Amino acid sequence: MAVEKSQRRYLLILSCSKRKRPDPGLLPAIECYDGVNFRILRKFMHGKLLSHLDVLIISAKYGLLEASALIENYDEKLTRRRALELANEVSQKLDQHLSRGYLEVYINLGKLYWMTLSKSLLLPKVTVVFAYGGIGQKMSHMRTWLYKIREERA
């Protein structure tokens, strides 16, 4: 059974970035993080959340966040120990999101961030696309994917 274009939903999972905006107070996670992947994502979204794209961010401090979650600036690096501590919580939250029924999931994570997904159940009906290579390749690959899903919805 084909899914109508208007009902196609996509999920992007990103790791947080070390670079953050210096603004005081709380900001939506998608605005707080200021690494290259977040800059590409914000440019693609033109300042508004898209109805067909959900964005989840894995944070060393906060675990799994929705893009709109309000967070404060922090400086915490993900360690192997912290990744293992977060694994149950991140995997449970991710499994809840996956039950919403996505056509495709794009995962763009650093090595340690993968450890937080170790207990997640990636549903067999979901197509999963993985970012690959170095930071520049991952960035380019993610950008290509974002514009591909925009064209598929058009």
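In this structure, is residue 140 in contact (Cβ under 8 Å) with a residue 12 or more places away in the chain and either surrounded by 13 or more Cβ atoms within 10 Å (Cβ to Cβ) or more than 13 Å from the chain's Cα centre (by Cα) (or both)?
no
Which fully enclosed strands (runs of 3 or more DSSP E) of the stretch 65-154 have 3 or more residues being in contact with an Asp or Glu (Cβ under 9 Å, 6 or more places away or on another chain) and not charged (D, E, K, R)?
127-130
As an exercise: evaluate residue 106 against (1) of a type outside the set (A, V, I, L, M, F, W, C); (2) in contact with a strand residue (DSSP E or B) (Cβ under 9 Å, 6 or more places away or on another chain); (3) closer than 18 Å to residue 66 by Cα; (4) loosely packed, with under 13 Cβ neighbours inside 10 Å and give the number of the one condition it does not meet.
Among (1) of a type outside the set (A, V, I, L, M, F, W, C); (2) in contact with a strand residue (DSSP E or B) (Cβ under 9 Å, 6 or more places away or on another chain); (3) closer than 18 Å to residue 66 by Cα; (4) loosely packed, with under 13 Cβ neighbours inside 10 Å, residue 106 violates only (4).
Identify, by number, the condition in (1) farther than 25 Å from residue 133 by Cα; (2) surrounded by 12 or more Cβ atoms within 10 Å (Cβ to Cβ) that residue 37 doesn't meet.
Result: residue 37 fails condition (1) only.
Being farther than 20 Å from residue 129 by Cα, touching a helix residue (DSSP H, G or I) at 6+ places or on another chain (Cβ under 9 Å) and polar (S, T, N, Q) is the filter here; which residues of the stretch 57-109 pass it?
59, 68, 73, 79
Say whether the condition of being among the hydroxyl-bearing types (Ser, Thr, Tyr), under 20 Å from residue 113 (Cβ atoms) and not in a loop (DSSP other than H, G, I, E, B) is met by at least one residue in the stretch 5-15.
Within the stretch 5-15, one or more residues are among the hydroxyl-bearing types (Ser, Thr, Tyr), under 20 Å from residue 113 (Cβ atoms) and not in a loop (DSSP other than H, G, I, E, B).
Report, ordered by the first and then the second residue, all pairs with beta carbons closer than 9 Å, sequence separation of six or more or different chains, a first member in the stretch 87-100 that is at negative phi and among the hydroxyl-bearing types (Ser, Thr, Tyr), and a second member that is modelled with pLDDT of 90 or more and not in a loop (DSSP other than H, G, I, E, B).
Here the result reads 91/64; 91/116, each pair linking the stretch 87-100 to a residue that is modelled with pLDDT of 90 or more and not in a loop (DSSP other than H, G, I, E, B).
Right, residue 74: touching a residue at least 12 places away in the same chain (Cβ under 8 Å), surrounded by 15 or more Cβ atoms within 10 Å (Cβ to Cβ) and aromatic (Phe, Trp, Tyr) or not?
Criteria not met by residue 74.
Filtering the stretch 97-118 down to residues that are more than 22 Å from residue 38 (Cβ to Cβ) and not small (Gly, Ala, Ser), which residue is nearest to the chain's Cα centre (by Cα)?
98
State which residue is nearest to residue 64 (Cα to Cα) when the search covers only the stretch 9-28 and only residues that are without any contact (Cβ under 8 Å) to a residue 60 or more places away in the chain and out of contact with any helix residue (DSSP H, G or I) (no Cβ under 9 Å at 6 or more places or on another chain).
The selected residue is 28.
Determine, yes or no, whether residue 94 is under 20 Å from residue 18 (Cβ atoms) and either modelled with pLDDT of 90 or more or over 15 Å from the mean Cα position of the chain (by Cα) (or both).
Judged against the criteria, residue 94 is not a match.
The values are calculated or read from the model by the stated rules, or taken from the named source; none is laboratory data. Model, not experiment: these values are computed from the prediction. All Cβ positions, glycine included, derive from the backbone under ideal geometry; neighbour counts span all protein chains shown.
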